[in-house]
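The numbers here are math on the coordinates, done by the rules we state, and not lab data. Worth saying up front: this structure is predicted, and the values here are computed from it rather than measured. Please note: Cβ atoms are built from the backbone with ideal geometry, for glycine as well, and neighbour counts cover all protein chains shown.
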Amino acid sequence: MPASGEPECMRHREWKVHCRGPEADQRMGLSGVAPMRHLIISREFPPTSYAPGGIGTYVANISRLLAEAGETVHVIAQQWAGAPEPIERRNDGHLIIHRVAMDTPLRLAVDAPWMQDGDVAGLDPVLAGALATSIFPQSAFAWRVALLAEWLVEHEGIDVIEAQEYEAPLAYFQVRRALGLGPPRQPPCLVHLHSPTELILRHNEYSAHATHFLTAVRLEDYSICAADGWLCPSRYLANQAMDMYGIPEREVHVIPLPRGDTPFIERDLETWRSGPLCFVGRLEPRKGVLEWLEAAVRNRVTLEASLCASVDPPIRGSTAIPAASCSATAARIS
């Protein structure tokens, strides 16, 4: 039972009725609520061209789970050598994955039939190429996302759009909507707060003055502030976002991340008492690894810690632990 006192199923039903378009009545089932048509946007949807993280894991899990529940889910992801197909269907057609390239010309009839009736088909090769070679090449993905998302809204009856804030993949879609471009249907745009670049810079003690970072921060700021609703897996981050972006109190809806199909591993008590520990992830100050090592040193804990991580970028400054203080902790970084 949620804090509001309403059954969760009732709140979910009201949200679905609010989001769906008028044509959804034709899809109404015995439950009285039509299956929704979702659009989720993430360059990190696997397989991806770079080291994936929590955002890609979330999108992969939630899109599959929604499709298995009978909803229709369209995902826009990046097309690259490891994922060359422009469209892929899974889960009996309930999960449709669209992939757009960041830096290659589109073949309208094959890769992008969604551009043939658009207002920017002739402009795309020039603009996408310029964005792909800019200081923030991720914006080339966002540009093509905008065009494909408009086509899906018009032709697939999308009821709700969800995108991460990181890299602002929804920003150009929102800009075009604000300018009166795109389809007349305007399904709500939800921004899922995972890791705003501004907070990454702050907690990793990176310089915020690099042009690449400034561009990312400004696009993310716009996308967050232009959203119709906000999701977040953490109450702590939700409170930070409400303060940073002026979002009304309690308007950021905290939802738990789906576990997916990861199996639970049974471990005995001795494992928790003295077993080896392994951290897998990006080796950044904001991940808490340094605080964990400092605590181990202060408590004179003797252990072996394997850090299987990518260093992004090198740890520096006051957050680094002097090597001499780690004599009680054997650390192996791979």
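May I ask you to derive the FRET efficiency for Thr104 and Ile135 from their Cβ-Cβ distance with R0 = 25 Å, giving the value to the nearest 0.05? Let's see the in-between values first.
Values: r = 20 Å, r/R0 = 0.79.
After rounding, the FRET efficiency stands at 0.80.
Fewest to most neighbouring Cβ within 10 Å: what's the order for Trp292, Trp143?
With the fewest neighbours first, Trp292, Trp143 line up as Trp292, Trp143.
Going by how many other Cβ atoms sit within 10 Å of their own, how do His94, His74 line up, fewest first? Mind showing how you got there, number by number?
Details: His94 18, His74 22.
Neighbour counts put them in this order, fewest first: His94, His74.
Can you give the relative contact order of the range 35-254 as a percent, counting alpha carbon pairs under 8 Å and 6+ residues apart?
On the way: 382 pairs, mean separation 35.8, N = 220.
Relative contact order of the range 35-254: 16 percent.
Hey, how many Å between the Cα centroid of the range 237-303 and the Cα centroid of the range 48-86?
Answer, in whole Å: 24.
So if we plug the beta-carbon distance of Met244 and Ala208 into 1/(1 + (r/R0)^6) with R0 = 22 Å, what FRET efficiency do we get, rounded to 0.05? Kindly include the intermediate steps, with their values, before the conclusion.
On the way: r = 13 Å, r/R0 = 0.61.
That pair, Met244 with Ala208, gives E of 0.95.
List Trp151, Trp80, Trp272 from most exposed to least, where exposure is judged by having the fewest other Cβ atoms within 10 Å.
Details: Trp151 21, Trp80 17, Trp272 8.
Ascending Cβ contact count within 10 Å gives the list Trp272, Trp80, Trp151.
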